[in-house]
Structures are given as structure tokens and as C-alpha cells.
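Each remark here refers to the structure printed beneath this line.
The values are calculated or read from the model by the stated rules, or taken from the named source; none is laboratory data. This is a predicted model, so every value here is computed, not measured. Don't worry about glycine lacking a Cβ; one is built from the backbone with ideal geometry, like all the others, and counts go over all protein chains shown.
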Amino acid sequence: MNDLTPTREQRSAALEGMGCKRKRVEDIRFTQGKGNYVDDVKLPGMLHGDFVRSPHPHARVKKIDDSEALKVPGVLAVITAETLKTVNLAWMPTLAGDVQMVLADGKVLFQNQEVAFVVATDRYAADDGINKVIVEYEPLPPLVDPFKSMDADAPVLREDLVGKTTGAHGPRKHHNHIFEWTVGDKELTDAAFKKAEVTIKEMISYHRTHPSPLETCQCVCSFDKIKGELTIYGTFQAPHVIRTVVSLIAKLPEQKIHVIAPDIGGGFGNKVGAYPGYICAAVASIVTGKPVKWVEDRIENLTATSFARDYHMTTEIAATKDGKVTGLRVHVLADHGAFDACADPSKWPAGFFNIVTGSYDFPTAHLAVDGVYTNKAPGGVAYRCSFRVTEAAYCIERAMDILAQKLNMDPAELRLKNFIKPEQFPYHSALGWEYDSGDYHTAMRKMMETTGYAALRKEQAEKRAAFKRGETREIMGLGVSFFTEIVGAGPSKNCDILGIAMFDSCEIRMHPTGAGIARMGTKSQGQGHETTWAQIIATEIGIPADNIMVEEGNTDTAPYGLGTYGSRSTPVAGAAIAMAARKIKAKAQMIAAYKLEVHEDDLEFDIDGFRVKGLPEKFMSMKDICWAAYNSVPPGMEPGLEAVSYYDPPNMTYPFGAYLCVMDIDVDTGVYKVRRFYALDDCGTRINPMIIEGQVHGGLTEAFAIAMGQEIRYDEVGNVVTGSFMDFFMPTAVETPHWETDFTVTPSPHHPIGAKGVGESPNVGGVPAFSNAVNDAFSFLGATHIQMPHDYWRNWKAAKDLGAVA
Amino acid sequence: MIPGSFSYHRPASVADAVKLLSDLGDDARPLAGGHSLVPMMKLRLATPAHLVDLHGIATLKGIRRDGSNLVIGAMTTQHELLASDDIAQSMPILHEAALLIADPQVRYRGTIGGNVANGDPGNDMPALMMTAGATYRLEGAGGARDVAAADFYQGAYFTALEPGEILTAVSIPVPAAGHGYAYEKLKRKVGDYATAAAAVVLTMSGGKVATCSIGLTNVHETPLLATDAAKAVIGTSLDAATLKKAAAAAEAIMAPAADARGPVEYRKHVGGIMVTRALQRAAAKAK
Ligand SMILES: Cc1cc2nc3c(=O)[nH]c(=O)nc-3n(C[C@H](O)[C@H](O)[C@H](O)COP(=O)(O)OP(=O)(O)OC[C@H]3O[C@@H](n4cnc5c(N)ncnc54)[C@H](O)[C@@H]3O)c2cc1C
């Protein structure tokens, strides 16, 4: 050792492993405009497809006349349901066990539904062609309000289901009913309500919104007639699932399907499922023998591609006078639109909504969810949340505030009183989950201390008095939210998609020079996997993160995985990465023992290599071990240094957090200002604090958008009126509040590195914080629950309804 | 979201542009910044067969003084309005309002001529031009004429422009030194048109309003001049009762459509508030 010998700290820092604020390696290409997205894919002879869409929300399709369209220069084909029937693809299965029209088959069921697919030599010609396809419709009465779906005289939407009394999830009660899903002990819960000292009941709606990634859904399909192979470039969050689905529905051998998801510009759940555009582009390529590109525009994405939420949750809490919760009863009316195109694990028609007991120790609970059809676009997908978790978090967090108001208790105090205690973990919830770990009290108290919660409440009391005296027209709200998420789908015992267990995978191949490539079944859409996955490997095996190339998205090279959504990548693939790295390390240890001429057990891992215990100078670096793996392995051992791991998680992970929103609202205009937003997240072990912060910022911005105005709205006759970013609220940097982030660390006990996942927490926890702030602001004027979204005019309307404006 | 096909023309003079427009007839449209026209074409709500791009006409650009008038060429961009010191000093309300139009990208291309000629009640410049007493110079095959901004707007997207005419310049009398001004615009976010907006230009004398004019944006199918509201404040010190009266007089002429910005009642209500706030701020600025 001499002065130039790096210290342990220096060696460790050189790895840029877990805990390091490593800069995002993918940003080098993104910030220079050198990303490679689907629309950048240009194949020789490529054609373009575009849709004729329905102007009607509900109508019979009498006739489709394509003769004029086919005369447009450049238009080569017009595909309709009749064309698709010849290859048995007029309908496709959804991930939720329903079927969905690819192109209108006899009827249209929502405005902007796909009716015909025009294929042309360029996009302009395709659009000209669309305008020349003449479709004759016979309008039918539209069904817009989900509360009227199961009326006796409600129109029959799904003629394909007439007479079917059972669906994928059990009995159907009505021709517009999809499923009923119940969880929990009804008798016990009803009994708790009977003897409750205090109860609250409120219909809490979580309006229909949309993930709206900046890059819309798109694909290029290229069928090679000679080889019989189909290559699909697409915006896929789950490329392997797409490959299997295509194989099953198009009856193509799976080895002849190549799915490639290049760089993706945001997904947020929008890019999990399969859409008519993919099927039509594939069929068009098979028919024409040319590659076919389909790129959705913004209007199409917002109005036809899967929406999110649209849950109407009648929520009741039973409690004692002093604020101890004794029971929870929730009934959800779920509006799925024309087809149930949820992207949930197969056995979970309402996702993991049964996390609705939240962070609280409810002795009993009962939940029933009814899914119904309406004449709206199909869905709903998990918009930056694990399946229906954000609806559940909103439901319970709003309801806890309503209870606090009824009890005249501070909402933070009520929460502290009912939290699951640290010693209760692993905790079995009344609705069936086993929470892995948590320390809610510490997180909540840290939030309250850091934000000066007590002082803020005092200021609020003063402002309220001033408002009542007529000295100000501004009201102040404090939105407390304490969420528990359930992510990391998931254990094969309860999670699958179309029969495929929801494991994930990693393959690591080390090269002789101490570098390597790692491939996963996940697919980043902006999460920064190329950065963080390499950090896990760096710490696990002692090779600098910079020496590890991460590759995702090519189904020919990546091991099978279920993709990236539901905050599952770190809990599932992150574990697979650690496990694969440990296999590498185990073999490396055998090689090192052989080279250092000691027994394996005499070695200990020391940051970036193995050292002989008690003999510090006898050391072999991982870099040297990689070299040795290719020339001098112990006799009987196979050369090389590679490993694959498929990880089936034993349990979900349960990230949590404490958020506070401080908001001021001008009652005369309804204009609000988010004065302060504090987000404390506990996602267990933190792989890259900078990426976590980025994820939290992004998720909070989306939560802000949703709570304060982002909505897919239909008028009474079924026209969708929020078809562009003019009306669909997409905040810019100007509207976005400043975010303060903080953390505690409660590792997951069952995860190899203790990590829980964070990408979706801020959306899940953020929405109730904003909504609670608005509701809290108005509560002293007599409001108990004001529905989202809280845009300016609705805030004004709330003030007006409460008599605060003339 | 793909426009239909069209032919593109780029004349070098107003005379050529006018000739092209009259030769090509109804199927031709002038193209300025394209930030209103091109989106309509992408939605195929507008399907002109010919676009006559005015960017090649050098005389349509620039800001100059003509006596006590500020004359702005039609093809002057909103960004150029913001960059002008003369405007910032002598006509600061124009600077303030231009800053409230969308974002820098839109302002780099959007022109004052396109903004006022379009006839979109959501555009901010028309009500401002009415408030400031501007006139528009229109040139067509039959020669040139001047039309007051106040007489120009006839309905949503209907204006006094005759087929084949182009608007070449706007001429704005420079307001009196020491005038007070404010453009109050309520919008949902950057890039949104006004839920309601009010322009106020006034002068004060001895603590009382001496002259006042008030314009309203996006609360009717045309921009409005709120004459009664302006009358109501003359001679007052803008006490609470007067402000209320002015707001009520302004609301009385509003007839906004219900849209995602809010129901009619809300848009009128906040229209009144914009008037109140603009009056207060303008008065505070007046010397
Ligand atoms: C996202 C976005 C947000 C916007 N927000 C606002 C806003 O808040 N406030 C606002 O005021 N504007 C807003 N605009 C509109 C913007 O200011 C436009 O640029 C402007 O309205 C039109 O100017 P233009 O030069 O782009 O005209 P163009 O789009 O080229 O033309 C508009 C119309 O006027 C005609 N025309 C153009 N010039 C002339 C002329 N010299 N003589 C006769 N006819 C002519 C054209 O034929 C066309 O019919 C927004 C635009 C966008 C894209």
C-alpha cells in the first residue's frame, strides 16, 4: 500500500453503485435529440396506416363504401372488420378477459372508435383516403352515465354478450354489467357498522383521466413472407407479453415474431395493452407484404386509447367517538367504457383495489366492485400506479379526512391514532394483503415537524377568521395524505397475465476485460433503467456501473419478462438482477479461490474483488476474475461468466409516504396557488437518490394535473369534449409547483436488496394531498366533500354553492 | 391531424398578394404565422386549396411612428412587439398583453396581423385594439381603406375583410403620457385562451377617472368595447360601489359560450372580476 492506493471509500465510489446519485446514462442521447423512437424507424418501402373513426358514440354501421378512397393516389387498401374476419381478427382478447372489436363490427360503441384502416404510401395520402371513406350510420341512444348502465331500460351495448350470464369474473347481473368483485367479511363489517358510535358515508368519485404520454402509441409491423416472420417495433411497456399475445391471436409461431421496443417517450400504463392499431398494421403488412407504420395523433390517443380511473366509490367508515376506526365498507361502480380493457393481472378485475384499507388498522372491511359498460372509450389502465391503487388511496385518504372533520379532529392526529404500528409488521390487512414493512408514525411525524404543520394550522385558523370578517377573499387549505402502496406484481401465487406468472428476469454476461452486458424483461419508458440496473450490478459484483451495458426491449435477446408498469421493475426485475449478480459472484468466488490457492470459504468479498480473510494483501479484483473466467477456471468448471435469474417474488412490496400540500384559493375566481408541497417517500433501499427525486417530481406533477383539472369528459350525448392539450390539462413548468422531497428508509425484508419501488408513489399519494387541500380549504364553510377535478370554475362553484360568493 | 393538399404561393409585394388572392378566389387564404390557420387545416376545418404566404413581403414588417400614431406592419410578430422599446414605453399595455399570448414558440411566429384579422374572439389583440382606438389598413384589388377596430368584428371568424383583401397594418393612437393601463387575463394555463380578459386604458385627474376605455376578450362571439362600464367610472375615484356598477355593466353585454373553461355564469362572473381588477391596477399605474 502507498499513497496512490485508493482507499476503500474511493474504490467504492468508483463503482457508482447503489446509493450513488449517478447521472442518467440515457440522457446523453436524449438531451441531444439522438434517441431512437418508433417514429424514427423507417424501413424501405414502408407504408402508413390511419383510421376512419366513428363520429357517433353509439350507432349501427349500415355500410362502408371505400370506392372513392381507393381512387385517392397513394391509397392501397382499406381494411374493415370484414377483411379482418377472413383472418379471424375482427375481435381481440383484452387483458381483462373481455373481447374488443379491432374494427367496428356491425356497431360502434364509442366516439372515435376505429371503423376502417386506410393503408397508403404516405401519411398524407392515408389521411386523404380516410376522408373519402363513406360510412353510413344509424345512430342509437348513447349510454353515458355509468349510474344508469344497469337501469332496466338501458340500451344494450354489447350485442356479442347477449344471453351470456357469466363473464370472465363470474355472474353478470345485467346486459351492461361486466363483473362483480367482492372481498372481505360482510357480516363482520355490517356488525361493526351496527354498533359504531360514529359513521361517515360519501360517494367519492375519481374522474376519468388519461395517462397521455408525450409520445403516443405507435408501431411498425414488417412481415417477411419468405421467412414467415413478423417483426414489430412498438411503444410497448411489456414487449414479451405482446409477442405471446400476437402469437396466440395471429397463430404465428412465437419464435417467428420479433418484438422490439426502442426508446419510449413515456408510458404511464398507456402502453401495456394491445390496441387495434397494432393488429391492423400487422394485418396490413401481411396483406401488402410491405412494412406498415401506424402512429396515433394526440386526439386519437386522448379519445380512443385506454383511459384511466373512472371509479365511483361509495365509502363508509365506522369509528368510535374518540377516533378509532372499526370498519370500512366500500362499493365501487367502475366505468370501463365499451370494452373491459383493463390491464390488470388476470385474476384481479379491480386490480389491487383491496389495498383500500390504506395505512390504517381496520379490524374489518368489506369491498364490492361492479364493473359496467358505457358508450365511452375502453380501459382503464393503471396511470402511473399499481392496478387501481391510486383510486384506493384516494378513496381512503379522502374518507379519513371526512371522518376527521366529523369528529372535529385534526386529520394528521386521526391518522396517527389509526396507523398500523411498526411492531404489527408483517401486517395482515382485513382485505387480504400481507404488508411487508413500515414505520408510519416516524414518517408522519417527520413530515409534521419539517413542514411546521402546527404553525400552518394556526395560520389557517387566523386566515379563516379574517375571511369571516371580510378582510380577505382567499382561503387556505392543508392537504394531508398518508398512502400505502402495493407494488411489485407479482408473486405467481396470485398474479398472472393470460396465464403467464408475473416474474421478471435478468441475464448478465461478463466479458473478459471486466465489462459486461445485462438484459432484462423490463422496459424503461423514462425510468432510467440503463442507469439504475447497472448500479445494482456494480454494488453486487464490484464492477463499475459504467462498465455494464443495460439492454431492454428486444424479445430476441432479452430473457422473458412481464415488463414495466405498476412500479414492478425494481421489486421484481431489481431482485432478479441482484440474484443473477449473486450467481456471477458465486462463480467468481470459486475462480478467485482457485487462483489464490485457498478454499472458497477463506475468501471475503471486499467492494471490488475477493480477499483472503486475514491476509489483506492476497486479493483478486473482479476485473481480473473476469479475465480468468476465460482462460484459467478450476478443472471441471465451465469457462465464461454468465448468469440468468428468473425471480418470482415471495410477496408484494409496500412503499409508503407522508405528503402535505398547502394551498391558497381565491374564492372569487376559483384560482388556486400551491404554496408548498412536501413529499416524504419511503421506498425502502434507495438505489439512486437523484432518479428517485426525478420520479417523485414527475409523479407529483401528474398528480397535480389530475387533481386540479386533468379530465376526459363526455357531454350528455356521448361526445368526448377534451380531445386536445388545450382542454386536457397538461401542466407546463409555469403551472407546476415547487416540490420539496424527503425520505425515510424502511427496507423490504423479503427483497434481496430491500428496495420497494417509487415511480408511482407520488401519483398515488399526491392526488389525495391536492384534493384534501381543496376540501380542507372549504371545510370551514361547511363542505364535506367536493369532487375532483378542482379546476378554477369548479372551485368557484364550490364557493358559490357554500354561499361564499354572491 | 394531417392537412389536405394545397398549393403554396409566396408573393414579394402587397400588389402581387392582392392579385393572387383575387385571381384564386375563395379557395385561397393568406398565410401569416400559421398558428391559427395551420391547426385548423390539420383538423381539416379549413381546407384552402391555395396558401398565399405573406412572409416574402418586406413592407409588411416593422414598427414605426406616424405622427401621434404607432403603425405596426401586419407581419410583425408578437415577439417583435415584445422586443420593441417604443412599444414598451409608449404603449405598455400592448407589451403586457403580448406577453400573455401563449408561449415564446407561438410568439416567434404569430403575427399581429394574423391575430387581429383572424376574427377569433379568443385572441387577445382585437379587444386591445378596440380599447386603444386602433384602425386597420385593408388593401384589396379595389385599393386601400381604413376600418376602425371597433367596426371590424362582425361575428366569430367574420370580419369586415372583403374577399381578396389583406390587412397590411394597424395604426394605434399613442395614449396620453401618464395614462394608466392593465390587461387582466384569466387563463387555465400557459398556451390557453382567456376564460375572460379585460383591457383598460384610462387617465386620472385629481384622483378621479378622467377618460377610460374598456375592452373585453372571449366573452362574446366578437371582442367587445364595454362602453357603459367605462362611462360608469368616469368622474369617480373607483370606489367599491362604482367598481361593482362597472363590472355589472360589463357583464350585461357578455354572452360567452359554455366550454371547458367553465359555464356561462362563471365566465361572465370572472369577466366582471377582470374588469374590476384591470380598473384598479390601471388607476394605480396612472400618473
Ligand atoms: C397554442 C397556442 C396558443 C395560443 N394562445 C393565444 C392567446 O392566448 N392569445 C392570442 O391572442 N392568440 C393565441 N394564439 C394565436 C396566435 O397568437 C396566432 O399566431 C394568431 O392568432 C394568428 O396569427 P398568425 O400570424 O399565426 O396567423 P395565421 O394563422 O397565419 O392566420 C390566421 C388567419 O388570419 C388570416 N390572415 C393572416 N394574416 C392576414 C392578413 N395580414 N390579412 C388578412 N388576413 C390574414 C389567415 O388567412 C387566417 O385565416 C395561440 C396559438 C397557439 C398555437
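On inspection, A:VAL480 does not qualify as crowded, with 24+ Cβ neighbours inside 10 Å and touching a Gly at 6+ places or on another chain (Cβ under 6 Å). Where strands (runs of 3 or more DSSP E) fall wholly inside the stretch B:1-91, the ranges with 1 or more residues that are over 19 Å from the mean Cα position of the chain (by Cα) and surrounded by fewer than 17 Cβ atoms within 10 Å (Cβ to Cβ) are B:7-9, B:50-53, B:63-66. If the condition is being surrounded by 21 or more Cβ atoms within 10 Å (Cβ to Cβ) and not in a helix (DSSP H, G or I), then the stretch A:384-432 contributes A:ARG384, A:CYS385, A:SER386, A:PHE387, A:ARG388, A:PHE419, A:ILE420, A:SER429, A:ALA430, A:LEU431. Tallying residues that are among the aromatic types (Phe, Trp, Tyr) and assigned to a strand (DSSP E or B) within the stretch A:353-367 yields 1. Put simply, of A:LYS417, A:LYS376, A:LYS421 the only residue that is within 20 Å of A:ALA769 (Cβ to Cβ) and at pLDDT 95 or above is A:LYS417.
For the stretch B:14-43, a tally of residues being more than 10 Å from the ligand (Cβ to nearest atom) and under 24 Å from A:TYR124 (Cα atoms) returns 5. Please verify whether the stretch A:774-783 includes one or more residues that are touching a helix residue (DSSP H, G or I) at 6+ places or on another chain (Cβ under 8 Å) and modelled with pLDDT under 95. No, that holds for no residue.
Within the stretch B:166-175, not a single residue is at pLDDT below 95 and surrounded by fewer than 21 Cβ atoms within 10 Å (Cβ to Cβ). The set of residues in the stretch A:279-321 being within 16 Å of A:ALA343 (Cα to Cα) and part of a helix (DSSP H, G or I) consists of A:ALA304 alone.
Of all residues in the stretch B:226-273 being of a type in the set (Val, Ile, Thr) and within 14 Å of chain A (Cβ to nearest Cβ), which is surrounded by the most Cβ atoms within 10 Å (Cβ to Cβ)? Within the stretch B:226-273, the match that is surrounded by the most Cβ atoms within 10 Å (Cβ to Cβ) is B:VAL270. Specify the residue that is nearest to B:TYR8 (Cα to Cα); the eligible residues are those in the stretch B:44-58 that are touching a helix residue (DSSP H, G or I) at 6+ places or on another chain (Cβ under 9 Å) and more than 12 Å from the ligand (Cβ to nearest atom). Among residues in the stretch B:44-58 that are touching a helix residue (DSSP H, G or I) at 6+ places or on another chain (Cβ under 9 Å) and more than 12 Å from the ligand (Cβ to nearest atom), the one nearest to B:TYR8 (Cα to Cα) is B:ALA49. Taking the stated definitions as given, is A:GLY521 crowded, with 18+ Cβ neighbours inside 10 Å, at positive phi and not assigned by TED's automatic domain parsing to the domain that holds A:GLY765? Against the criterion (crowded, with 18+ Cβ neighbours inside 10 Å, at positive phi and not assigned by TED's automatic domain parsing to the domain that holds A:GLY765), A:GLY521 does not qualify. Look at B:LEU161 and say whether it is buried (at least 22 other Cβ atoms within 10 Å of the Cβ), away from chain A (no Cβ under 14 Å) and near the ligand (Cβ under 8 Å from one of its atoms). Answer is no for this residue. Every test in (1) more than 14 Å from every other protein chain (Cβ to nearest Cβ); (2) within 14 Å of the ligand (Cβ to nearest atom); (3) not aromatic (Phe, Trp, Tyr) is passed by B:PRO175 save one, and that test is (2). Hey, any hits in the stretch A:174-193 for a residue that's among the basic types (Lys, Arg) and without any contact (Cβ under 8 Å) to a residue 60 or more places away in the chain? No, the stretch A:174-193 contains no residue that is among the basic types (Lys, Arg) and without any contact (Cβ under 8 Å) to a residue 60 or more places away in the chain.
Under the condition of being basic (Lys, Arg), more than 14 Å from chain B (Cβ to nearest Cβ) and in a helix (DSSP H, G or I), the residues counted in the stretch A:112-166 number 1. Across the stretch A:127-168, the qualifying residues are those that are under 18 Å from A:GLU180 (Cα atoms) and in contact with a Gly (Cβ under 9 Å, 6 or more places away or on another chain), and the one among them that is modelled with the highest pLDDT is A:LEU161. Sort out for me the helices (runs of 4 or more DSSP H) sitting completely within the stretch A:1-86 that have 1 or more residues that are assigned by TED's automatic domain parsing to the domain that holds A:LEU615 and touching a Ser or Thr at 6+ places or on another chain (Cβ under 7 Å). Ranges flagged: A:8-15. Taken together, the criteria exclude A:PRO57 from residues that are closer than 30 Å to A:ASP344 by Cβ and surrounded by fewer than 17 Cβ atoms within 10 Å (Cβ to Cβ). Taken together, the residues in the stretch A:464-498 that are within 17 Å of A:GLY670 (Cα to Cα), of a type in the set (Lys, Arg) and part of a loop (DSSP other than H, G, I, E, B) amount to 1. Inclusion of B:LYS61 among residues that are within 12 Å of the ligand (Cβ to nearest atom) and in contact with a Gly (Cβ under 6 Å, 6 or more places away or on another chain) is warranted. Tallying residues that are in a loop (DSSP other than H, G, I, E, B), of a type in the set (Asp, Glu) and touching a residue at least 24 places away in the same chain (Cβ under 8 Å) within the stretch A:631-673 yields 2.
Being hydrophobic (A, V, I, L, M, F, W, C), surrounded by 15 or more Cβ atoms within 10 Å (Cβ to Cβ), within 14 Å of the ligand (Cβ to nearest atom) and within 14 Å of the chain's Cα centre (by Cα) is a description that applies to B:ILE101.
Checked against (1) under 20 Å from B:ILE253 (Cβ atoms); (2) surrounded by fewer than 24 Cβ atoms within 10 Å (Cβ to Cβ), B:MET204 passes all but a single condition, namely (1).
So which helices (runs of 4 or more DSSP H) are wholly in the stretch A:689-806 and hold at least 2 residues that are away from chain B (no Cβ under 14 Å)?
Correct list: A:689-708, A:761-779.
Of all residues in the stretch A:250-283, those being over 25 Å from the mean Cα position of the chain (by Cα) and of a type in the set (Val, Ile, Thr) number 2.
Using the structure shown, decide if A:ILE497 is outside the structural domain of A:ILE625 (by TED's automatic domain parsing) and β-branched (Val, Ile, Thr). When the stated conditions are applied, A:ILE497 passes them.
For (1) under 30 Å from A:ASN719 (Cβ atoms); (2) outside the structural domain of B:MET204 (by TED's automatic domain parsing); (3) touching a Leu at 6+ places or on another chain (Cβ under 7 Å); (4) not basic (Lys, Arg), each residue gets a yes or a no:
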residue: B:PRO223; (1), (2), (3), (4): yes, no, yes, yes
residue: B:ALA230; (1), (2), (3), (4): no, no, no, yes
residue: B:LYS244; (1), (2), (3), (4): no, no, no, no
residue: B:ALA248; (1), (2), (3), (4): no, no, no, yes
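For the stretch A:607-630, a residue qualifies if it is touching a residue at least 40 places away in the same chain (Cβ under 8 Å) and part of a loop (DSSP other than H, G, I, E, B), and the qualifying residues are A:ILE607, A:ASP608, A:TYR630. Is it true that A:VAL487 is under 30 Å from A:ALA461 (Cβ atoms), buried (at least 24 other Cβ atoms within 10 Å of the Cβ) and of a type in the set (A, V, I, L, M)? In short, no.
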